[in-house]
1. Among the residues of the stretch 58-98, write down those that are of a type in the set (K, R) and at pLDDT 95 or above.
2. Could you identify the single residue in R22, R72 that is in contact (Cβ under 8 Å) with a residue 24 or more places away in the chain and over 23 Å from A102 (Cβ atoms)?
3. Quick check, is R72 basic (K, R) and surrounded by 17 or more Cβ atoms within 10 Å (Cβ to Cβ)?
4. Being touching a Lys or Arg at 6+ places or on another chain (Cβ under 8 Å) and more than 23 Å from P2 (Cα to Cα): is that true of N34 here?
5. Kindly indicate whether any position in the stretch 37-46 is under 17 Å from F89 (Cα atoms), among the small types (G, A, S) and in a helix (DSSP H, G or I).
6. Please verify whether G106 is at pLDDT 95 or above and over 17 Å from M15 (Cα atoms), treating the condition exactly as stated.
7. Pull up the stretch 25-58, narrow it to residues that are under 21 Å from A73 (Cβ atoms) and among the polar types (S, T, N, Q), then point me to the one that is least open to solvent (accessible area, probe 1.4 Å).
8. Based on this model, can you work out whether F82 counts as within 21 Å of F4 (Cα to Cα) and either surrounded by 15 or more Cβ atoms within 10 Å (Cβ to Cβ) or touching a Pro at 6+ places or on another chain (Cβ under 7 Å) (or both)?
Amino acid sequence: MPPFTVIDEDSIKAMVHRFYERVRADADLGPVFNGAITEAGWPVHLARMCAFWSSVMLTTGRYSGNPVAVHRAVSGIAPTLFPRWLALFNDTAQTLFPPQLADAFGDKAARIAASMQLAIFHRPGDRPPAASLGRVMTAPV
């Protein structure tokens, strides 16, 4: 049985912290995230991501910011990283929540990733890649 049976502030905090532990250690994502966020900046980033996911999953309105502008400025960000990000995110959710709740996180994450990719990489006149328009199913991590 997963450790959390509800989505609340405590389970969101656990999800965010566990996910970003994995991101920081990941061979593909780690260099990008660790290059963009200093060691001293990680507590602030984690608190911001807890507020973001609280706003997304619980509609608390705790997050305010411009994630597209922030991500556009990240060195090394590339469309090829999004499937890996989603795979780690989904795997983390599946270890912490029962399937229905893990899927709720995964569905929101897929929509956010697709929107973020379009906002960061799409240029007028380009045809958006098909993989960026729906939930990306990836191999287990």
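The values are calculated or read from the model by the stated rules, or taken from the named source; none is laboratory data. In this text the structure is predicted, and so the values were computed from the model without any measurement. Methodologically, a virtual Cβ is constructed for each residue, glycine included, from the backbone with ideal geometry; neighbour enumeration extends over all protein chains shown. When the accessible area is computed, the model is the full protein with side chains, heavy atoms only, and any ligands, DNA or RNA have been set aside. Shrake-Rupley method; radii C 1.70, N 1.55, O 1.52, S 1.80 Å.
1. Result: R62, R84.
2. Sole residue among the options that is in contact (Cβ under 8 Å) with a residue 24 or more places away in the chain and over 23 Å from A102 (Cβ atoms): R72.
3. no
4. yes
5. Taking every residue of the stretch 37-46 in turn, none turns out to be under 17 Å from F89 (Cα atoms), among the small types (G, A, S) and in a helix (DSSP H, G or I).
6. Spelling it out, it is not the case that G106 is at pLDDT 95 or above and over 17 Å from M15 (Cα atoms).
7. It comes out as N34.
8. Considered against the rule, which asks whether it is within 21 Å of F4 (Cα to Cα) and either surrounded by 15 or more Cβ atoms within 10 Å (Cβ to Cβ) or touching a Pro at 6+ places or on another chain (Cβ under 7 Å) (or both), F82 comes out as no.
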